[in-house]
Amino acid sequence: VTVTIRFGNAHTLVETRANKGDATAAKLIKARKDREELLKKQMEFGLDLRRASDDMEAFIELSENKRMALGSIMAVALDSHIFDTKNFSVVYSQAKPNLRYVVLDEETLRNGFQQLLLTRNLNDEGNRGYVQNISQRCKDGEFIDRFVSHSWLDSPEAKFDALMKFSKRFEEENGRLPRLWIDMFCIDQDPSKIQVAIKCLPVYLMTCDKILCLGSPNILNRMWCLTEIYTAWIMSSQEDDPSRLIEWIDVGPENMKTKVSRGMISLRDARCSKKLDEDALRAKLRRCPGGIPRVEDAIYFAVTSADKLQM
(Lines give C-alpha, C1' and ligand atoms only; values in the text may rest on other atoms or scores of the structure.)
Protein backbone atom coordinates (compact mmCIF):
# COMPACT_ATOMS: atom_id res chain seq x y z
CA VAL A 1 0.00 0.00 0.00
CA THR A 2 1.50 3.33 -1.01
CA VAL A 3 0.82 6.28 1.28
CA THR A 4 1.65 9.69 -0.12
CA ILE A 5 1.68 12.87 1.91
CA ARG A 6 0.76 15.71 -0.42
CA PHE A 7 -0.30 19.35 -0.51
CA GLY A 8 -2.95 19.96 -3.14
CA ASN A 9 -2.93 18.12 -6.44
CA ALA A 10 0.59 19.15 -7.42
CA HIS A 11 2.57 19.16 -4.19
CA THR A 12 4.09 15.89 -3.05
CA LEU A 13 5.89 16.17 0.26
CA VAL A 14 7.07 12.66 0.89
CA GLU A 15 6.07 9.22 -0.33
CA THR A 16 6.44 6.09 1.75
CA ARG A 17 5.58 2.50 1.26
CA ALA A 18 4.09 0.75 4.28
CA ASN A 19 2.33 -2.47 5.00
CA LYS A 20 -0.99 -1.43 6.59
CA GLY A 21 -1.56 -4.95 7.88
CA ASP A 22 1.06 -4.69 10.60
CA ALA A 23 3.64 -2.42 12.18
CA THR A 24 6.66 -3.75 10.30
CA ALA A 25 9.39 -1.50 8.99
CA ALA A 26 8.37 1.12 6.48
CA LYS A 27 10.92 2.64 4.16
CA LEU A 28 10.98 6.04 2.57
CA ILE A 29 11.12 5.63 -1.21
CA LYS A 30 12.55 7.99 -3.75
CA ALA A 31 10.27 10.65 -5.16
CA ARG A 32 9.07 9.82 -8.64
CA LYS A 33 10.00 13.20 -10.00
CA ASP A 34 13.60 14.26 -10.24
CA ARG A 35 15.17 15.72 -7.13
CA GLU A 36 15.55 19.24 -8.44
CA GLU A 37 11.86 19.61 -9.29
CA LEU A 38 10.81 18.22 -5.92
CA LEU A 39 13.13 20.59 -4.08
CA LYS A 40 11.68 23.54 -5.97
CA LYS A 41 8.17 22.67 -4.83
CA GLN A 42 9.25 22.23 -1.23
CA MET A 43 10.84 25.68 -1.08
CA GLU A 44 7.34 27.01 -0.32
CA PHE A 45 7.76 25.36 3.05
CA GLY A 46 11.44 26.17 3.41
CA LEU A 47 12.24 22.45 3.37
CA ASP A 48 15.65 21.21 2.32
CA LEU A 49 15.02 17.61 1.33
CA ARG A 50 18.73 16.95 0.77
CA ARG A 51 19.03 17.07 4.54
CA ALA A 52 15.50 16.14 5.57
CA SER A 53 15.10 12.91 3.58
CA ASP A 54 17.74 11.12 5.68
CA ASP A 55 16.09 12.36 8.88
CA MET A 56 12.66 11.18 7.72
CA GLU A 57 13.90 7.75 6.73
CA ALA A 58 15.79 7.25 9.99
CA PHE A 59 12.84 8.47 12.05
CA ILE A 60 10.39 6.09 10.35
CA GLU A 61 12.78 3.14 10.66
CA LEU A 62 13.29 3.71 14.39
CA SER A 63 9.64 4.35 15.28
CA GLU A 64 7.54 1.51 16.68
CA ASN A 65 4.37 2.82 15.08
CA LYS A 66 5.07 3.67 11.43
CA ARG A 67 1.72 5.35 10.88
CA MET A 68 2.28 7.64 13.85
CA ALA A 69 5.73 8.43 12.49
CA LEU A 70 4.28 9.48 9.13
CA GLY A 71 1.64 11.58 10.90
CA SER A 72 4.34 13.27 12.99
CA ILE A 73 6.27 14.23 9.83
CA MET A 74 3.08 15.66 8.38
CA ALA A 75 2.33 17.63 11.56
CA VAL A 76 5.80 19.22 11.44
CA ALA A 77 5.32 20.16 7.78
CA LEU A 78 1.94 21.78 8.43
CA ASP A 79 3.40 23.83 11.25
CA SER A 80 6.34 24.88 9.03
CA HIS A 81 8.87 23.80 11.64
CA ILE A 82 12.43 22.71 10.90
CA PHE A 83 12.25 19.33 9.19
CA ASP A 84 14.40 17.15 11.44
CA THR A 85 14.21 14.14 13.71
CA LYS A 86 14.04 16.27 16.86
CA ASN A 87 10.79 17.97 15.82
CA PHE A 88 9.32 14.69 14.52
CA SER A 89 10.07 13.09 17.88
CA VAL A 90 8.46 15.92 19.85
CA VAL A 91 5.14 15.49 18.03
CA TYR A 92 5.35 11.69 18.23
CA SER A 93 5.98 11.77 21.99
CA GLN A 94 3.09 14.19 22.52
CA ALA A 95 0.65 12.12 20.47
CA LYS A 96 1.49 8.58 21.55
CA PRO A 97 0.26 8.66 25.18
CA ASN A 98 -2.91 10.46 24.05
CA LEU A 99 -3.83 8.11 21.18
CA ARG A 100 -7.15 6.59 22.24
CA TYR A 101 -10.23 5.02 20.71
CA VAL A 102 -13.81 4.11 21.57
CA VAL A 103 -15.48 0.73 21.02
CA LEU A 104 -19.27 0.83 21.31
CA ASP A 105 -19.62 -2.39 23.27
CA GLU A 106 -21.92 -3.09 26.19
CA GLU A 107 -19.40 -1.85 28.76
CA THR A 108 -18.94 1.48 26.97
CA LEU A 109 -22.68 1.99 26.79
CA ARG A 110 -23.06 1.14 30.47
CA ASN A 111 -20.36 3.69 31.30
CA GLY A 112 -22.47 6.48 29.86
CA PHE A 113 -21.37 6.99 26.25
CA GLN A 114 -24.84 8.02 25.09
CA GLN A 115 -25.47 10.23 28.11
CA LEU A 116 -22.18 12.11 27.65
CA LEU A 117 -22.90 12.49 23.94
CA LEU A 118 -26.23 14.05 24.84
CA THR A 119 -24.78 16.48 27.39
CA ARG A 120 -22.28 17.97 24.88
CA ASN A 121 -20.50 19.42 27.93
CA LEU A 122 -17.34 17.51 28.70
CA ASN A 123 -15.72 20.50 30.38
CA ASP A 124 -18.08 20.08 33.31
CA GLU A 125 -16.08 18.70 36.22
CA GLY A 126 -18.62 15.94 36.73
CA ASN A 127 -17.98 14.63 33.22
CA ARG A 128 -14.17 14.67 33.27
CA GLY A 129 -13.92 10.91 33.85
CA TYR A 130 -14.77 10.34 30.18
CA VAL A 131 -11.27 9.31 29.14
CA GLN A 132 -10.97 6.44 31.61
CA ASN A 133 -14.59 5.31 31.34
CA ILE A 134 -15.33 5.68 27.64
CA SER A 135 -12.12 5.50 25.61
CA GLN A 136 -9.10 3.24 25.90
CA ARG A 137 -5.48 3.76 25.05
CA CYS A 138 -4.27 2.45 21.69
CA LYS A 139 -1.75 -0.33 22.30
CA ASP A 140 1.41 -0.90 20.28
CA GLY A 141 0.55 -2.68 17.06
CA GLU A 142 -3.09 -1.57 17.13
CA PHE A 143 -4.67 0.67 14.55
CA ILE A 144 -7.90 2.62 14.65
CA ASP A 145 -10.60 1.85 12.10
CA ARG A 146 -12.31 5.21 11.73
CA PHE A 147 -11.62 8.83 12.56
CA VAL A 148 -15.09 10.27 13.24
CA SER A 149 -15.57 13.83 11.98
CA HIS A 150 -18.74 15.48 13.31
CA SER A 151 -20.22 18.78 14.37
CA TRP A 152 -21.14 19.32 18.00
CA LEU A 153 -24.09 21.37 16.72
CA ASP A 154 -25.79 18.34 15.18
CA SER A 155 -28.40 16.23 16.93
CA PRO A 156 -26.62 13.93 19.42
CA GLU A 157 -29.47 11.45 19.02
CA ALA A 158 -28.91 11.29 15.26
CA LYS A 159 -25.16 10.88 15.71
CA PHE A 160 -25.59 8.13 18.29
CA ASP A 161 -27.98 6.29 16.00
CA ALA A 162 -25.55 6.59 13.05
CA LEU A 163 -22.58 5.36 15.08
CA MET A 164 -24.51 2.38 16.45
CA LYS A 165 -25.69 1.38 12.96
CA PHE A 166 -22.19 1.77 11.56
CA SER A 167 -20.70 -0.32 14.38
CA LYS A 168 -23.24 -3.09 13.83
CA ARG A 169 -22.55 -3.17 10.10
CA PHE A 170 -18.78 -3.17 10.66
CA GLU A 171 -19.08 -6.05 13.14
CA GLU A 172 -21.13 -8.09 10.67
CA GLU A 173 -18.48 -7.58 7.99
CA ASN A 174 -15.34 -7.92 10.13
CA GLY A 175 -16.28 -10.08 13.10
CA ARG A 176 -15.53 -7.37 15.67
CA LEU A 177 -16.68 -3.91 16.63
CA PRO A 178 -14.77 -0.98 15.12
CA ARG A 179 -12.27 1.16 16.99
CA LEU A 180 -13.44 4.76 16.65
CA TRP A 181 -11.51 7.98 17.24
CA ILE A 182 -14.06 10.53 18.50
CA ASP A 183 -12.66 13.88 19.58
CA MET A 184 -14.92 14.45 22.57
CA PHE A 185 -13.83 11.15 24.11
CA CYS A 186 -10.28 10.79 22.81
CA ILE A 187 -8.70 14.17 23.49
CA ASP A 188 -8.66 16.13 26.71
CA GLN A 189 -11.16 18.98 26.40
CA ASP A 190 -9.14 21.12 28.82
CA PRO A 191 -8.65 24.42 26.91
CA SER A 192 -5.00 24.51 27.93
CA LYS A 193 -4.36 21.22 26.08
CA ILE A 194 -6.31 21.81 22.87
CA GLN A 195 -3.33 23.36 21.08
CA VAL A 196 -1.42 20.09 21.43
CA ALA A 197 -4.43 18.27 19.96
CA ILE A 198 -4.41 20.61 16.96
CA LYS A 199 -0.73 19.93 16.35
CA CYS A 200 -1.21 16.15 16.68
CA LEU A 201 -4.26 15.96 14.39
CA PRO A 202 -2.29 14.45 11.44
CA VAL A 203 -0.95 11.75 13.77
CA TYR A 204 -4.43 10.76 14.91
CA LEU A 205 -5.68 10.76 11.32
CA MET A 206 -2.76 8.71 10.03
CA THR A 207 -3.40 6.03 12.62
CA CYS A 208 -6.96 5.56 11.33
CA ASP A 209 -7.83 3.53 8.23
CA LYS A 210 -10.52 5.97 7.08
CA ILE A 211 -12.39 9.11 8.09
CA LEU A 212 -16.11 8.74 8.82
CA CYS A 213 -18.04 11.99 8.31
CA LEU A 214 -21.34 12.35 10.12
CA GLY A 215 -22.64 14.59 7.38
CA SER A 216 -24.89 17.61 7.71
CA PRO A 217 -24.85 21.28 6.69
CA ASN A 218 -23.10 21.99 10.00
CA ILE A 219 -20.07 19.86 9.19
CA LEU A 220 -19.30 22.16 6.25
CA ASN A 221 -19.39 25.24 8.50
CA ARG A 222 -17.11 23.99 11.27
CA MET A 223 -13.39 24.72 11.11
CA TRP A 224 -12.39 21.52 12.90
CA CYS A 225 -14.39 19.34 10.48
CA LEU A 226 -13.00 21.04 7.37
CA THR A 227 -9.45 20.79 8.71
CA GLU A 228 -9.92 17.08 9.41
CA ILE A 229 -11.24 16.39 5.91
CA TYR A 230 -8.44 18.37 4.26
CA THR A 231 -5.73 16.74 6.36
CA ALA A 232 -7.06 13.27 5.50
CA TRP A 233 -7.10 14.14 1.81
CA ILE A 234 -3.54 15.47 1.62
CA MET A 235 -2.23 12.42 3.48
CA SER A 236 -3.75 10.01 0.98
CA SER A 237 -2.06 8.54 -2.05
CA GLN A 238 -2.37 10.49 -5.28
CA GLU A 239 -3.58 7.25 -6.84
CA ASP A 240 -6.21 6.64 -4.14
CA ASP A 241 -9.88 6.89 -4.96
CA PRO A 242 -11.14 9.38 -2.33
CA SER A 243 -14.26 7.24 -1.88
CA ARG A 244 -11.99 4.59 -0.35
CA LEU A 245 -10.62 7.07 2.17
CA ILE A 246 -13.64 9.12 3.28
CA GLU A 247 -17.05 7.71 4.20
CA TRP A 248 -20.20 9.78 4.70
CA ILE A 249 -23.33 9.06 6.76
CA ASP A 250 -26.19 11.55 6.74
CA VAL A 251 -27.19 12.82 10.19
CA GLY A 252 -28.90 15.89 8.77
CA PRO A 253 -31.08 16.26 5.67
CA GLU A 254 -31.22 13.13 3.53
CA ASN A 255 -28.84 13.05 0.54
CA MET A 256 -26.98 16.08 1.91
CA LYS A 257 -23.75 15.08 0.14
CA THR A 258 -25.34 15.32 -3.30
CA LYS A 259 -26.34 18.93 -2.58
CA VAL A 260 -22.85 20.17 -1.67
CA SER A 261 -21.61 22.98 -3.92
CA ARG A 262 -18.18 24.63 -4.08
CA GLY A 263 -19.67 27.83 -2.69
CA MET A 264 -20.67 26.03 0.51
CA ILE A 265 -16.98 25.49 1.42
CA SER A 266 -15.69 28.71 3.01
CA LEU A 267 -12.83 28.70 5.49
CA ARG A 268 -13.33 32.41 6.00
CA ASP A 269 -16.82 31.80 7.36
CA ALA A 270 -16.17 28.50 9.15
CA ARG A 271 -16.27 28.69 12.93
CA CYS A 272 -15.14 26.88 16.08
CA SER A 273 -16.75 27.06 19.48
CA LYS A 274 -13.45 28.53 20.70
CA LYS A 275 -12.00 31.51 18.82
CA LEU A 276 -8.45 30.49 19.73
CA ASP A 277 -8.90 27.12 17.99
CA GLU A 278 -10.49 28.79 14.98
CA ASP A 279 -7.62 31.24 14.49
CA ALA A 280 -4.98 28.53 14.93
CA LEU A 281 -6.59 26.18 12.40
CA ARG A 282 -7.20 28.92 9.82
CA ALA A 283 -3.58 30.07 10.11
CA LYS A 284 -2.36 26.51 9.61
CA LEU A 285 -4.44 26.06 6.44
CA ARG A 286 -3.48 29.47 5.08
CA ARG A 287 0.18 28.36 5.00
CA CYS A 288 -0.56 25.48 2.62
CA PRO A 289 0.44 25.92 -1.06
CA GLY A 290 -2.17 27.87 -2.96
CA GLY A 291 -3.55 29.23 0.29
CA ILE A 292 -7.20 29.12 1.26
CA PRO A 293 -8.66 28.74 -2.29
CA ARG A 294 -6.62 25.60 -2.99
CA VAL A 295 -7.52 24.13 0.40
CA GLU A 296 -11.22 24.78 -0.20
CA ASP A 297 -10.99 23.13 -3.63
CA ALA A 298 -9.47 20.04 -2.04
CA ILE A 299 -12.16 19.87 0.65
CA TYR A 300 -14.91 20.16 -1.96
CA PHE A 301 -13.33 17.38 -4.02
CA ALA A 302 -12.93 15.15 -0.97
CA VAL A 303 -16.52 15.62 0.24
CA THR A 304 -18.20 15.17 -3.13
CA SER A 305 -16.07 12.08 -3.84
CA ALA A 306 -16.72 10.45 -0.45
CA ASP A 307 -18.40 7.06 -0.22
CA LYS A 308 -21.98 7.57 1.01
CA LEU A 309 -22.94 4.69 3.29
CA GLN A 310 -26.49 3.42 3.38
CA MET A 311 -27.37 2.49 6.94
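The values are calculated or read from the model by the stated rules, or taken from the named source; none is laboratory data. Since the structure is predicted, the reported quantities are computational estimates derived from the model, not experimental observations. A quick note on method: Cβ atoms are made from the backbone with ideal geometry, for glycine too, and the neighbour counts reach across all protein chains shown. Just so you know, the surface numbers come from the protein's heavy atoms only, side chains and all, with ligands and any DNA or RNA stripped out. Shrake-Rupley method; radii C 1.70, N 1.55, O 1.52, S 1.80 Å.
Among all positions in the range 195-210, there is no residue which is among the small types (Gly, Ala, Ser), at pLDDT below 85 and closer than 21 Å to LYS66 by Cβ. Return the total of residues in the range 285-296 being out of contact with any Gly (no Cβ under 8 Å at 6 or more places or on another chain), surrounded by fewer than 20 Cβ atoms within 10 Å (Cβ to Cβ) and in contact (Cβ under 8 Å) with a residue 24 or more places away in the chain. Looking only at that region, the number is 2. Looking for something more than 20 Å from ARG100 (Cβ to Cβ), surrounded by fewer than 19 Cβ atoms within 10 Å (Cβ to Cβ) and in contact (Cβ under 8 Å) with a residue 40 or more places away in the chain - is there at least one such residue anywhere in the range 219-234? Within the range 219-234 (the criterion being more than 20 Å from ARG100 (Cβ to Cβ), surrounded by fewer than 19 Cβ atoms within 10 Å (Cβ to Cβ) and in contact (Cβ under 8 Å) with a residue 40 or more places away in the chain), the answer is yes, since at least one residue qualifies. Summed over the range 184-210, residues that are open to solvent by 40 Å² or more (accessible area, probe 1.4 Å) and assigned to a loop (DSSP other than H, G, I, E, B) total 2.
Can you tell me how many residues within the range 214-260 are among the β-branched types (Val, Ile, Thr), modelled with pLDDT of 80 or more and within 18 Å of GLU296 (Cβ to Cβ)?
Total satisfying the criteria: 6.
Take the conditions (1) in contact with an Asp or Glu (Cβ under 6 Å, 6 or more places away or on another chain); (2) open to solvent by 20 Å² or more (accessible area, probe 1.4 Å); ARG169 misses just one of them, which is (1). Is the range 261-276 home to any residue that is closer than 16 Å to GLU228 by Cα, open to solvent by less than 20 Å² (accessible area, probe 1.4 Å), not in a loop (DSSP other than H, G, I, E, B) and not basic (Lys, Arg)? Looking through the range 261-276, none of the residues is closer than 16 Å to GLU228 by Cα, open to solvent by less than 20 Å² (accessible area, probe 1.4 Å), not in a loop (DSSP other than H, G, I, E, B) and not basic (Lys, Arg).
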